[in-house]
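S.K.: Would you mind keeping the following structure in view while I ask a few things?
The values are calculated or read from the model by the stated rules, or taken from the named source; none is laboratory data. These numbers come from a predicted model, not from an experiment. Backbone-built Cβ (ideal geometry, glycine too); neighbour counts: all protein chains shown. We work out accessible area using only protein heavy atoms, side chains counted, and drop any ligands, DNA or RNA first. Shrake-Rupley method; radii C 1.70, N 1.55, O 1.52, S 1.80 Å.
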Amino acid sequence: CPPSNRREPEDFVRAVLKRLEFYADRTKRSGLVDDRAGRERSFNVRSPVLRSLRREFARAAGQRPAEALPAAQRLWDSGWREARILAMAAARARVRQLHDEASRQLAAHGWQDSPLADLSHWLLARNR
């Protein structure tokens, strides 16, 4: 679905940060303290929860490809470690999807063994 209005990406990032806040480990939460020390701010979300969210974001990026990269950019810009991890999951899923589309097009033209196909596979391998 295309964004219904200009505020939707900001609302999306706000909702993601709220969700991360919900899962935050408050006993280890670094918040603004680490930011002042020059490190990324972190919610210290537990690894199993973050893994689950990464899978969810990758799946969502595949279902809404037009929105995946702009959403990933906004998450990255938030400055939170976990938001950046989720941004990378969405971006990687979109890169894989673009690679698969390019591979199908190359095969349709009989170019699957061309240097262009080799370059495409090399680029995908570097982005894993």
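S.K.: Run the simple label-point estimate for Arg46 and Ala125 please: 7 Å along Cα→C-beta, distance reported in nm.
M.R.: For the pair Arg46/Ala125, the computed spacing is 3.8 nm.
S.K.: Could you give each residue of region 8-23 its phi-based ³J(HN,Hα) in whole Hz, using Karplus coefficients 6.51, -1.76, 1.60 with θ = phi - 60°, and x for Gly or Pro?
M.R.: Residue by residue, region 8-23 yields 4, x, 5, 5, 4, 4, 4, 5, 5, 5, 5, 5, 5, 4, 4, 8 Hz.
S.K.: Rg to Rh for region 40-90: what is it, with Cα atoms only and Rh by Kirkwood?
M.R.: Values: Rg = 10.6 Å, Rh = 10.8 Å.
Here Rg/Rh amounts to 0.97.
S.K.: Could you run the Karplus curve 6.51 cos²θ - 1.76 cosθ + 1.60 with θ = phi - 60° over region 82-96 and give me ³J(HN,Hα) per residue in whole Hz, x for Gly and Pro?
M.R.: 5, 5, 5, 4, 5, 4, 5, 4, 5, 5, 4, 4, 5, 4, 4
S.K.: Amide H neighbours of Arg41 under 5 Å, at least 5 residues apart or on other chains, H built in the peptide plane: list them.
M.R.: Sorted by chain and number, the residues that satisfy this are Arg81.
S.K.: For Val95, what accessible area in Å² do you get when you roll a 1.4 Å probe over the heavy atoms of the protein chains, rounding to the nearest 10?
M.R.: Surface open to solvent at Val95 totals about 60 Å².
S.K.: Any chance you could look up the accessible area of Asp113 with a 1.4 Å probe, heavy atoms only, rounded to 10 Å²?
M.R.: Approximately 140 Å² for this residue.
S.K.: Let me ask another. At a probe size of 1.4 Å, how large is the accessible area of Phe22, to the nearest 10 Å²?
M.R.: Approximately 150 Å² for this residue.
S.K.: Residue separation times 0.36 nm, minus the C-alpha to C-alpha distance between Phe22 and Glu8: what's the value?
M.R.: Working: separation 14, 0.36 × 14 = 5.04 nm, distance 2.08 nm.
Extending this stretch completely gives an extra 3.0 nm.
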